[in-house]
1. Condition first: assigned to a strand (DSSP E or B), touching an Asp or Glu at 6+ places or on another chain (Cβ under 9 Å) and not β-branched (Val, Ile, Thr). Now tell me which residues in the stretch 65-94 satisfy that.
2. So which residues in the stretch 60-98 are within 18 Å of Gly187 (Cα to Cα) and polar (S, T, N, Q)?
3. Can you pull out every residue in the stretch 11-64 that is in a strand (DSSP E or B) and either among the hydroxyl-bearing types (Ser, Thr, Tyr) or without any contact (Cβ under 8 Å) to a residue 12 or more places away in the chain (or both)?
4. Given Glu237, Glu199, Glu209, Glu218, which one is in contact with an Asp or Glu (Cβ under 6 Å, 6 or more places away or on another chain), among the acidic types (Asp, Glu) and touching a residue at least 60 places away in the same chain (Cβ under 8 Å)?
5. Mind telling me which of the residues Ala230, Ala181 ends up being surrounded by 17 or more Cβ atoms within 10 Å (Cβ to Cβ) and touching a residue at least 12 places away in the same chain (Cβ under 8 Å)?
6. Going through the stretch 211-227 one residue at a time, which ones are surrounded by 14 or more Cβ atoms within 10 Å (Cβ to Cβ) and either assigned to a helix (DSSP H, G or I) or of a type outside the set (D, E, K, R) (or both)?
Amino acid sequence: MNKTNTLYQYGTLALLVPGLFKGTLKLSELLKHGDTGIGTGDGLDGELVIKDGIPYQIDGHGSVNKLDGDFTVPFADVHFADYKKLFDVESTMTPDKLEEKVMGIKDWQNTFFSIKLHGTFDEIKTRSINRQSKPYPNLVSCAHKQHEFSGENVTGTVMGYYSPQLFNGSAVGGFHLHFIADDLSMGGHLLDFSTSKGEVSAQVLDQLEQKLPVDDEEFMKHDFSKDDIAGAIGEAE
């Protein structure tokens with residue numbers, strides 16, 4: 001039986017800060033640990049959404065591509081979905097209002113949880129990035145090269161994770177959300193949205209299983225004490 005209270009994290013967000021973008025885990029292995037999640041690909045190759053056990057990549061051109069098991073990742077979060085409904089959206093909802101309402105309902109600031117909002121979005125804005133070439137730039141440099149995409153009256157799913165602030169660096173402290181349209185017309189890292197129709201559900205994840213890329217020599221030799229991890233994550237995410 002799958003553990004529905006466990007967040008499986010491969011790598012850390014911190015390893016992306018200095019540009020350690022090499023994909024070191026195949027999706028076929030990642031999917032043994034969850035059927036739902038987000039991440040990025042080898043070389044920072046787009047934004048990933050895993051929904052209902054199917055992995056998708058939103059590439060730097062905004063196209064949504066179904067991935068095979070050989071696709072590799074340097075960083076990803078996954079879990080086995082068992083969401084519980086929190087509330088229906090009945091008035092204008094934005095990312096800030098979503099976060100405020102969820103945290104107002106639940107005292108979850110010191111645990112991991114996954115959040116999902118399925119609905120029709122009056123407006124939505126996302127971003128993604130093209131695969132980077134070696135020698136890889138750092139994460140902040142890449143953030144300035146990302147491409148933004150906008151949609152109107154798009155039905156789809158906002159999904160991702162909340163991580164406690166004490167884990168900032170390992171993950172994004174706070175909310176880290178991606179989006180994918182039901183018709184696969186768009187997706188990516190969530191920037192903004194507005195909706196007045198949808199359903200919000202969540203799933204507490206009180207166990208963290210973290211796997212590090214110990215077979216990757218570059219990761220093992222890197223001195224992360226020289227990196228401004230919190231500053232870079234704040235600017236890039």
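Every read-out reported here was derived from the displayed coordinates using simple, explicitly stated rules and does not represent laboratory data. Computed from a prediction, not measured in an experiment: that's the story for all the values here. Positions of Cβ are generated from backbone atoms using ideal geometry, with glycine treated the same way; all protein chains shown enter the neighbour counts.
1. Taking the stretch 65-94 first, the residues assigned to a strand (DSSP E or B) are 65-66, 72-73, 75-79, 84-89, 93.
Next cut, touching an Asp or Glu at 6+ places or on another chain (Cβ under 9 Å) only: 65, 72-73, 78-79, 85-89.
Selection gives Asn65, His79, Lys85, Leu86, Phe87, Asp88.
2. Ser63, Asn65, Thr94
3. Taking the stretch 11-64 as the starting set, the residues that turn out to be in a strand (DSSP E or B) are 25-26, 36-40, 47-51, 54-58, 64.
Listed by number, the residues that qualify are Thr36, Thr40, Tyr56.
4. Details: Glu237 fails: in contact with an Asp or Glu (Cβ under 6 Å, 6 or more places away or on another chain); Glu209 fails: in contact with an Asp or Glu (Cβ under 6 Å, 6 or more places away or on another chain); Glu218 fails: in contact with an Asp or Glu (Cβ under 6 Å, 6 or more places away or on another chain).
After ruling out the rest, the residue left standing is Glu199.
5. Values: Ala230 fails: surrounded by 17 or more Cβ atoms within 10 Å (Cβ to Cβ).
Unique residue meeting the criteria: Ala181.
6. Residues of the stretch 211-227 that are surrounded by 14 or more Cβ atoms within 10 Å (Cβ to Cβ), as a first pass: 211-213, 216, 218-219, 222, 224, 227.
If the condition is that a residue be surrounded by 14 or more Cβ atoms within 10 Å (Cβ to Cβ) and either assigned to a helix (DSSP H, G or I) or of a type outside the set (D, E, K, R) (or both), then Leu212, Pro213, Glu218, Phe219, His222, Phe224 are the ones that fit.
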